[in-house]
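Below is one structure, written out as structure tokens; the observations come after it.
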């Protein structure tokens, strides 16, 4: 009785149709709820940072070594912050082209938020036990799962006709591939874990952001050339 | 001297009337404040997740069993995340049809937010003591209370004339029943607690989301058929 | 060279004037930043709730008494939630009539947010040490300070010409008095502390919300009669 | 092939161009995401405040001295709250003149948010170990870094043509200098550390806010004179 669009709620009314200004507010609420979860998850990372207990009247050296001991946690903070930031930026970019919602898209989005909000936990673990291969694997898989759902959302939205009209297949695929690249690198880099150890893997992840950047710059002419 | 609408503040002015753009901003502030509380409560769930202390140089097995010991807490995280997510989605849906505010609606909404923001506490308890019947009951009742206030808000808004015109009685009742269903199942499932134990109850709750889903799909034709 | 309005930034442009759509966004950013701080402070209250440690395999009675021991903290949670909620509602109401910003108003608002964000700390203290008169005093003064700045902001905005035109003096005073009433009751009730003890004071605070409510209902005819 | 504006996304469409209403929402999402991170970081400061453990039935004196021992942390709370507040206000002010986004601006903004969200950690450290020169230095450098990125963002936006047209060079420089002043004072004041000790430095920081204030008032005629 209803085509694939029957569940869809767009800005200019749904079924049963709310007034158009409401439809816009619905869309905004979903985006701002998502933004809030991203923002809280990214900011909660800091509460895992904890200076070890110091003696009553610590020497300067004791303070310095306590600060040094906290550096792996600061590294984990920066890595997770950059990853969540990249994921937020990807979310932001995807929803420039998604103009309507349906209940499946809301559910997919909620699953992503659940995985994003989970990240402070593996971050705390890797900050404390970054030398444990199992912890490194749990961290990589957690962050990859949170990332993979993004392009899945994008592909779903496109198939369900929730994106704005006129997107070329090539552009849709480009966005999806770009979205899968970060989680792939995170998990893929685990193959060198047995050979190079946990530190090499963690340092390797630092390359994700600049590589993404270069990819974006290199691919932009192709991207815009097809519009 | 004043009918039931005397306290009401709608988008196009109240009493004393603010400018119409202000009225819209008032409405948005209430929604975004609500969204923020939902988003923070849902994201704070993660800070209860804590890996048990490990020895200085733990073996891989020690790490694995520490991770395994944290699984009930991850389960509780997922369950509460899904429940708050469902409640947020219900809130979002209700306010597609509520177009005006009054002070009673604001108060009801604030009570719901207080119950939503409380959820991280029973979640932490059930994550740690999920085998204790009393804790399971406290958890179920807390989440049910947070849910029950939602359809009450909806029924109040409809009676007070704060919903947009033209909603059929049948639709209003449908939304209310759907809203009561999650809390009812949460509390109702407690009857099997003495027979089947805490684990069965907790696993049973996992069925809430898919059941809701099927209900929604099955009932949609009826719903839209009456518009 | 500049009148009192020289610093003011209103929705339709300031000095140097941003585009009008920007001015509206400026105003919204300030409101949403405020809402976010209120929402986070109100939601952070929950992380102070902590079940005492239980033995490995606790009896039902041990669980019940642990839950009972946490009730004063739940009471403190509810009290602070209601107070922050009332303050947020007052903030929301005030800014229905404030249509322009200046730097002093932003500073006053920031001071209020700093005092609101501080509330989880005295709440944690009174939850744990609610029988200590000094803690009760610190709690009452902290919450009163966070409240008192609200009507001060209102009076400043009115004097500086930042409210929308046409507000009667009587209405302005009415809003201010209503705003001062909660902090006054909180601090004023401390006079019975030496006689009736800490519990009486805390229970007395529960009357704030219903009293406010009755006041609002009783005064509304007067209020609207002067418009 | 593309000028400096090729990456830019403005309110009236980008490349590939989203619909104009979307472009506005993109801009808002970035601002609200930023506001949320500022708001969460500023509100998380409070969770570092912790009353020392008290004996079972503490004397009034024991409570008073526990409260007194927490004062340095309250001082640190106030100082960091004021600093983040100032930075938020500067961010708010800058984005009154920035009307378009590009990916570099988003990246710079994200780096600033990462540094802002980090502030609760040095705040916790200085609250507990404010007498340690090394901690004071880490605190000052952390807050200065979070501040310095602000005017860099501003200068980048101006060079990349993302600010609204018609800003005078003098105004752009004025905003940049004002932005650099807080971090400069924070780090510069460290030169008196060896002579006057940590307390003098911390008390000196309290002067930042009123000095900024006077600067703003004094310079406003010059500023507006050039518009």
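The number of residues in the range B:157-212 that are surrounded by fewer than 17 Cβ atoms within 10 Å (Cβ to Cβ) and farther than 28 Å from residue B:125 by Cα comes to 12. Could you list all residues from the range A:147-167 that are in contact with a helix residue (DSSP H, G or I) (Cβ under 9 Å, 6 or more places away or on another chain) and not in a helix (DSSP H, G or I)? Across the range A:147-167, the qualifying residues are A:160, A:162, A:163, A:164, A:167.
Anything in the range A:135-158 that is over 18 Å from residue A:185 (Cα atoms) and free of Cβ contacts under 8 Å to residues at least 24 places away in the same chain? List them, or say none.
A:155, A:158, listed by residue number.
Suppose we filter the range B:75-90 for residues that are without any contact (Cβ under 8 Å) to a residue 40 or more places away in the chain and surrounded by fewer than 22 Cβ atoms within 10 Å (Cβ to Cβ); how many remain? Please lay out each step first, then the result.
The first filter runs over the range B:75-90 and keeps only residues without any contact (Cβ under 8 Å) to a residue 40 or more places away in the chain, leaving B:78, B:81, B:89.
Still in the list and also surrounded by fewer than 22 Cβ atoms within 10 Å (Cβ to Cβ): B:78, B:89.
Total satisfying the criteria: 2.
Selection of the range D:213-225 for residues being modelled with pLDDT under 70 and surrounded by 13 or more Cβ atoms within 10 Å (Cβ to Cβ) yields D:215, D:216, D:219, D:220, D:223, D:224. Do the conditions hold for residue C:89, that is, is it out of contact with any helix residue (DSSP H, G or I) (no Cβ under 7 Å at 6 or more places or on another chain), over 17 Å from residue B:41 (Cβ atoms) and facing chain B (nearest Cβ under 7 Å)? No; evaluated as a whole, the condition is false for this residue.
Residue D:25 passes every criterion in (1) more than 9 Å from every other protein chain (Cβ to nearest Cβ); (2) at pLDDT below 90 apart from (1).
Conditions tested, residue by residue: (1) closer than 24 Å to residue B:135 by Cβ; (2) part of a helix (DSSP H, G or I).
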{"site": "B:35", "(1), (2)": "no, yes"}
{"site": "B:45", "(1), (2)": "yes, yes"}
{"site": "B:58", "(1), (2)": "no, no"}
{"site": "B:61", "(1), (2)": "no, yes"}
{"site": "B:77", "(1), (2)": "yes, yes"}
{"site": "B:83", "(1), (2)": "yes, yes"}
{"site": "B:87", "(1), (2)": "yes, yes"}
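When B:144, B:107, B:117 are checked against the criterion of being under 19 Å from residue C:70 (Cβ atoms) and outside any loop (DSSP other than H, G, I, E, B), B:117 stands alone in meeting it. Scanning the range B:95-110 for residues that are more than 12 Å from the chain's Cα centre (by Cα) and touching a residue at least 12 places away in the same chain (Cβ under 8 Å) yields B:95, B:97, B:98, B:99, B:100, B:101, B:102, B:103, B:104, B:105, B:106, B:108. One residue alone among D:67, D:113, D:71 is out of contact with any helix residue (DSSP H, G or I) (no Cβ under 6 Å at 6 or more places or on another chain) and within 24 Å of residue C:109 (Cα to Cα), and that residue is D:71. Any residue that is away from chain B (no Cβ under 11 Å) and at pLDDT below 90 - is there at least one of those in the range A:132-149? No, that holds for no residue. Among the criteria (1) within 14 Å of chain C (Cβ to nearest Cβ); (2) touching a residue at least 24 places away in the same chain (Cβ under 8 Å); (3) surrounded by 19 or more Cβ atoms within 10 Å (Cβ to Cβ), the one residue B:121 does not fulfil is (2). With respect to residue D:180, is the statement that it is in a helix (DSSP H, G or I), free of Cβ contacts under 8 Å to residues at least 60 places away in the same chain and more than 24 Å from residue C:27 (Cα to Cα) true? Against the criterion (in a helix (DSSP H, G or I), free of Cβ contacts under 8 Å to residues at least 60 places away in the same chain and more than 24 Å from residue C:27 (Cα to Cα)), residue D:180 qualifies. Criterion first (under 12 Å from residue D:153 (Cβ atoms) and surrounded by fewer than 20 Cβ atoms within 10 Å (Cβ to Cβ)) does residue D:107 satisfy it? Yes. Residue A:72 fulfils the conditions (1) closer than 23 Å to residue A:160 by Cβ; (2) assigned to a helix (DSSP H, G or I) except for a single criterion, (1). The combined condition, being within 7 Å of another protein chain (Cβ to nearest Cβ), at pLDDT below 90 and either closer than 30 Å to residue B:58 by Cβ or surrounded by 17 or more Cβ atoms within 10 Å (Cβ to Cβ) (or both), is fulfilled by residue A:49. If you go through the range D:124-134 and keep only what is in a helix (DSSP H, G or I), surrounded by fewer than 24 Cβ atoms within 10 Å (Cβ to Cβ) and touching a residue at least 12 places away in the same chain (Cβ under 8 Å), you end up with D:128, D:133. Here the condition is being in contact with a helix residue (DSSP H, G or I) (Cβ under 9 Å, 6 or more places away or on another chain) and more than 21 Å from residue D:88 (Cα to Cα); of C:59, C:123, it holds for C:123 alone.
The values are calculated or read from the model by the stated rules, or taken from the named source; none is laboratory data. Here the structure is a predicted model, which is why all the values come from computation and not from measurement. No Cβ is skipped: glycine too gets one built from the backbone with ideal geometry, and neighbour counts run over all protein chains shown.
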